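Data block below; observations after.
The values are calculated or read from the model by the stated rules, or taken from the named source; none is laboratory data. This one's a predicted model, so the numbers in the text were calculated from it and none came from an experiment. Cβ coordinates were reconstructed from backbone atoms using ideal geometry, including for glycine residues, and neighbour counts include every protein chain displayed.
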Amino acid sequence: MNRRVVITGIGWITPLGHDIETAWGNILAGNSGVAPTTIFDAKTFPTTFSAEVKDFDLKKFLNDDEFEDHRNVSRQAGFALAAAKMAWKNSGLDALPALDKTMVGIYLGGGEGPLDFTSFAQAAIDGWDYDGNDLDATRWAEVAAKVLSPVKELEQDPNMAASHIGHCFGLEGPNFNTLTACAASTQAIGEATHMIRYGDADIMISGGCHSMIHPLGVTGFNLLTALSNRNDSPTTASRPFDRTRDGFVLGEGAGMLILEELEHAQKRGATILAEIVGYGSTADAFRITDIHEDARGGIAAMRMAIEDAGVDLKSIDYISAHGTSTAENDKIETKAIRGVFGDHAPNVPVSSVKSMMGHLIAAAGACELITCILAIRDQVLPPTVNYENPDPLCDLDYVPNEKRPANVKTCLSNSFGFGGQNDTLVIRAFEG
């Protein structure tokens, strides 16, 4: 069985807006969602800025009963629930009188991390035996019992977003979560596509969510020297493929898509936004934090997705790059694209919306795939902003600084994660 899979709904919560059109409008205008960090006091950190989701209110997306059930969700699970509600409504499923919910599932790329970092840090500090230079288990237990909330600690589990969505919609089909770093939501969408193709579900809510803008997350990425330190100019800090790039900008948010078996969608009269035609997933088996210098994993993932899609290389109209703005990623992704497309590579427009919304980590791939859907809808390519200084090692068409009208029918979207995880999706305009 190899059933066709279409996209019938989209929703996202991003640093550039909490609805489809606002965020998309900001992307096309080249506006930045990057600013000094306010979630915590980051003044003493090497990186003092991020791409936060501002003024988010979960109440606006849920009815009173739903909000009461989910009021204790973590920040990232709240983003996911809101984006899922948006996508469900966008698909028209909220108006459907009856639905077999045993055939509706969830596959997310969801993040992790201490929800209540301040209390967690207090317990760690107060529970430390400084004389013995070790953790005093008895003291830790006493402090933790006073300052840590069982509900909040449970909410840091990566599967909580998928669990909240399943409960909210009453979905009884398969429910999965993957956490393959920056590739997570692209991988989740690819695997959800397989589940529909093989008949395990008729509809899947798929995408990702993440929020790591807290002291532990920022410290970790700073220690890896992965974050930009352009503190004097946050809005220009994310500059994928530019010669002066110095690291990515940490963002947060969620992107959700409704994937549906074609005949099921047609039978209910759904508006089809695009069709998922190809998926490729590989591992570098190289280093934990670095991608292979020869781009072998990225090349293999793209080739696999294009072969799965059954399309000619020259039919790819646009590549949504992983494009993190780190020195290694952008250079090696360029090498991967050249390795797949050869002499045709300079003819394929490539851009990275991370230049505006930052890197949403596990949510990045889903939000970037949504930009591909909207590019097909509006026949326009989103820009790579802050591109000012060409790099001889990054020599493709990166749609610099301004949106571009284009004939967009087929898009390829890349996501590469720590540990050498590579995932690629190919979507195209639906043609019946």
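Side notes on the structure shown:
- Residue that is under 25 Å from residue 191 (Cβ atoms), hydrophobic (A, V, I, L, M, F, W, C) and in contact with an Asp or Glu (Cβ under 9 Å, 6 or more places away or on another chain), where the choices are 316, 306: 306
- Restricting the first member to the range 84-102 and to residues that are within 13 Å of residue 259 (Cα to Cα) and in the same structural domain as residue 19 (by TED's automatic domain parsing), and the second to residues that are of a type outside the set (Val, Ile, Thr) and in a helix (DSSP H, G or I), the beta-carbon pairs closer than 6 Å and six or more apart or on different chains are 88/94.
- Test: residue in the range 275-284 that is farther than 17 Å from residue 186 by Cβ and either modelled with pLDDT of 95 or more or of a type in the set (Gly, Ala, Ser) (or both): no
- Pair list, Cβ under 6 Å, 6 or more apart: the range 374-394 residue farther than 30 Å from residue 87 by Cα, other residue in a loop (DSSP other than H, G, I, E, B): 386/239; 387/398; 387/401; 389/243; 389/244; 391/243; 394/241
- Selected residue (criterion: farthest from the chain's Cα centre (by Cα)) from residues of the range 311-366 that are buried (at least 24 other Cβ atoms within 10 Å of the Cβ) and hydroxyl-bearing (Ser, Thr, Tyr): 318
- The helices (runs of 4 or more DSSP H) found wholly in the range 144-253 and carrying at least 3 residues that are in the same structural domain as residue 327 (by TED's automatic domain parsing) and buried (at least 17 other Cβ atoms within 10 Å of the Cβ) occupy 160-169, 184-197, 215-223.
- Residue count, the range 300-332 (criterion: within 26 Å of residue 246 (Cβ to Cβ) and touching a helix residue (DSSP H, G or I) at 6+ places or on another chain (Cβ under 8 Å)): 8
- In the set 97, 36, only one residue is surrounded by fewer than 16 Cβ atoms within 10 Å (Cβ to Cβ) and more than 25 Å from residue 221 (Cβ to Cβ); that residue is 97.
- Of all the residues in the range 100-120, those that are surrounded by 15 or more Cβ atoms within 10 Å (Cβ to Cβ), more than 26 Å from the chain's Cα centre (by Cα) and not aromatic (Phe, Trp, Tyr) number 1.
- Of the criteria (1) modelled with pLDDT of 95 or more; (2) surrounded by fewer than 21 Cβ atoms within 10 Å (Cβ to Cβ); (3) under 28 Å from residue 309 (Cα atoms), which one residue 1 fails: (1)
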